[in-house]
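Data block below; observations after.
The values are calculated or read from the model by the stated rules, or taken from the named source; none is laboratory data. It should be emphasised that the depicted structure is a prediction, and the values quoted were computed from it without experimental measurement. Every residue, glycine among them, receives a Cβ derived from its backbone with ideal geometry; neighbour counts consider all protein chains shown.
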Amino acid sequence: MPNAARKNPIDSFKLTSPCLKKQGFFFIGYFMVGLGFRKDFAEEFLEKNFPTPDFIELAPENWIGMGGYWKKILDRAADRFKIFTHGLSLSIGSPDPLDIPYIRKIKKFLDDYQITLYSEHLSYSQCDNAHLYDLLPIPFTEDAVRHIVPRIKTVQDILERPLILENVSYYTPVAAEIPEHEFITAIIRESGCCMLLDVNNVFVNAFNHGYDAHEFILKLPLDKVAYIHIAGHEKVSDDLIIDTHGQDVIPPVYELLDYTLKFIKPVPVLLERDFNIPELDELDNELQMIRNIYSKHFSKAEIC
Amino acid sequence: MLKEKTLRQQQKLASFCRTNILDDDLLVRKDRVHHYRRLVFNIILDMMETMYPISMKLFPEGEWEQLIHRFFANYKCTDPQVWKMPRFLSDYIKTGEKEILVRYPFLPDLLVMEWKELEWFTNEDLEWAEINSDISSSEKRICFYFPEHELLILDYPVYRKEGPDFWKSNPGKYFLLVYRHPESRKVFYQEVDALSCFVWESIKEGKNKAVIISELNDLLIQQKLNNRFKAEFIFEKVWDDFLKLRLLKIQ
Ligand SMILES: [Fe+2]
């Protein structure tokens, strides 16, 4: 399928969502390469006005309800950049009920800062009414799919935005009954939500579980990909990689991004760097690498 | 609907991360599942160390980590925002760590004091609040107080520099004002006395000056302090002190 014929899946949602239309939300594909906005470098980043990503991404959990110094920082960032969000605690795959009051807080935050893109993880981080504050793998089962699909719809209804769910890295399957790609595809297709394709997570999982990353990508619902993540990882043993977001992106992951872009329409790509954060010019080098790959597939004019 | 089996698997994995008890029936790679617990505790320990640098140093090597492990196993953290999670540690210690409380009876106060610094640094912005118009002077100008502050009532003087032995041997009632400066947005602590607290709270409640002084006078008589202190003097001093702290302004 030629690139020009592909539509950003988030657009389809927009067309079917009167709320989004009413609020004048617009196509997100104008924004190509972004950077995860971390408090660790927020002030320096804003002072230096460098690097200059097309957008920044932040976790609403780290900013909701904040005043004082951090609110000023957030407001300055929001004045300068388009903000995308990547949540941490939605716990869409949890056996616990959804935390509706918290989802409403997220909605308010998104509205206050006029944020259209909200992504989360296809995982769970809360169980038996206790938060774990990390992402646990959901059992790949058909009943888990049936459990999660209506929850996605509830979240989308409250947020009045599409939910964009990310394939997560995992180190062991848990009581899996169906293949990972079938699990992801069923959830995305049956719920009608969008997908955040993290190419580093595909690389990590392919290595950890002994499958081919390229073949895996082709089995995903690529027409529903609305957002891409890329990051670094750490190999901790001969057969295990941990998805740390604490190292530079390695060449095979850049290659996997290059490969993936052949099959999807132009969607934003985000560089995640959460730990062991280097100097800002090193981050800029990585952004430039991503831009170079991106521009092989899509010109700025094409997505504007 | 989630099947019982899937539900149990999810519960067992989450429970293992919190408690380190690995159920034989958990269908995972046993050689790898420990990474999940390790990664969870990387986050939890890092957050706790950042939040409680003074409390942490009280403990001999390894004991702080053990305490945090017990906290996370036994206390259900219900807040979706991870940076708010450390707030629950003092509650847990008060109810679930008798032996620690005997060794460090001041620990809940110390944790609260350390937590409040972050809480007030991050709290949502509040507007200046108008107070009773006849309170400042006959000039009838409008007065405001800055609500970004809190009076902590502590059982131990954990804000004093003397350290743990001093804190432990001086139980009592201590009042500590924690506030965020209206301009710099930095957080400061200020020790205050009980009478000043009374005056300050009365000002915020909107009582007029005459009423506050009269009530303060009754209090001084009741406490047999009326020979040593004058109500008018205390009122004026509190007024001046809070003006200097920038928690009061007159327009
Ligand atoms: Fe990601």
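Annotations
- The stretch A:238-259: number of residues that are acidic (Asp, Glu) and within 16 Å of the ligand (Cβ to nearest atom): 2
- Note on the stretch B:42-62: among residues that are in contact with an Asp or Glu (Cβ under 8 Å, 6 or more places away or on another chain) and part of a helix (DSSP H, G or I), the one that is nearest to the other protein chains (Cβ to nearest Cβ) is B:Ile43.
- Verdict on A:Phe203 being within 25 Å of A:Thr172 (Cα to Cα), touching a Gly at 6+ places or on another chain (Cβ under 8 Å) and touching a residue at least 24 places away in the same chain (Cβ under 8 Å): no
- Applying the criterion of being away from the ligand (no atom under 16 Å from the Cβ) and of a type in the set (S, T, N, Q) to the residues of the stretch A:92-137, the residue that is farthest from the other protein chains (Cβ to nearest Cβ) is A:Thr116.
- The residue that is surrounded by the most Cβ atoms within 10 Å (Cβ to Cβ), among those in the stretch B:1-36 that are closer than 17 Å to A:Gly93 by Cα and among the aliphatic types (A, V, I, L, M), is B:Leu13.
- Qualifying residue in the stretch B:3-14 (condition: without any contact (Cβ under 8 Å) to a residue 24 or more places away in the chain, within 9 Å of another protein chain (Cβ to nearest Cβ) and in a loop (DSSP other than H, G, I, E, B)): yes
- For the stretch A:164-172, the criterion of being under 20 Å from A:Ser91 (Cβ atoms), within 12 Å of chain B (Cβ to nearest Cβ) and away from the ligand (no atom under 16 Å from the Cβ) is satisfied by at least one residue.
- Residues (within 14 Å of chain B (Cβ to nearest Cβ), of a type in the set (S, T, N, Q) and within 14 Å of the ligand (Cβ to nearest atom)) located in the stretch A:183-211: A:Asn205
- Meets criteria (acidic (Asp, Glu), away from chain A (no Cβ under 12 Å) and touching a helix residue (DSSP H, G or I) at 6+ places or on another chain (Cβ under 7 Å)) for B:Glu65: yes
- Long-range neighbours under 9 Å by Cβ, at least six apart or interchain, first residue more than 8 Å from chain A (Cβ to nearest Cβ) within the stretch B:23-35, second hydroxyl-bearing (Ser, Thr, Tyr): B:Asp23/B:Ser15; B:Lys30/A:Thr172; B:Asp31/A:Thr172
- Residues (within 14 Å of chain B (Cβ to nearest Cβ) and buried (at least 18 other Cβ atoms within 10 Å of the Cβ)) located in the stretch A:243-259: A:Asp243, A:Thr244, A:His245
- Residue check: A:Phe298 meets all listed conditions (1) farther than 23 Å from B:His35 by Cβ; (2) touching a Leu at 6+ places or on another chain (Cβ under 7 Å) but one, namely (2).
- Qualifying positions in the stretch A:95-107 - touching a residue at least 40 places away in the same chain (Cβ under 8 Å) and not aliphatic (A, V, I, L, M): A:Pro95, A:Arg104, A:Lys105, A:Lys107
- Count - residues of the stretch B:77-91 that are crowded, with 21+ Cβ neighbours inside 10 Å and within 14 Å of the chain's Cα centre (by Cα): 3
- Only one of B:Tyr145, B:Tyr159 that is at pLDDT below 95 and in contact with a Leu (Cβ under 8 Å, 6 or more places away or on another chain): B:Tyr145
- Taken together, A:Lys235, A:Lys219 contain a single residue that is within 14 Å of chain B (Cβ to nearest Cβ), away from the ligand (no atom under 16 Å from the Cβ) and free of Cβ contacts under 8 Å to residues at least 60 places away in the same chain, which is A:Lys235.
- A single member of A:Arg161, A:Arg189, A:Arg151, A:Arg146 is under 23 Å from A:Pro266 (Cβ atoms) and surrounded by fewer than 22 Cβ atoms within 10 Å (Cβ to Cβ), and it is A:Arg189.
- Residues of the stretch A:138-163 that are within 9 Å of another protein chain (Cβ to nearest Cβ) and among the basic types (Lys, Arg): A:Arg146 alone.
- If the condition is being closer than 15 Å to B:Lys116 by Cβ and within 14 Å of another protein chain (Cβ to nearest Cβ), then the stretch B:151-184 contributes B:Val178, B:Tyr179, B:Arg180, B:His181.
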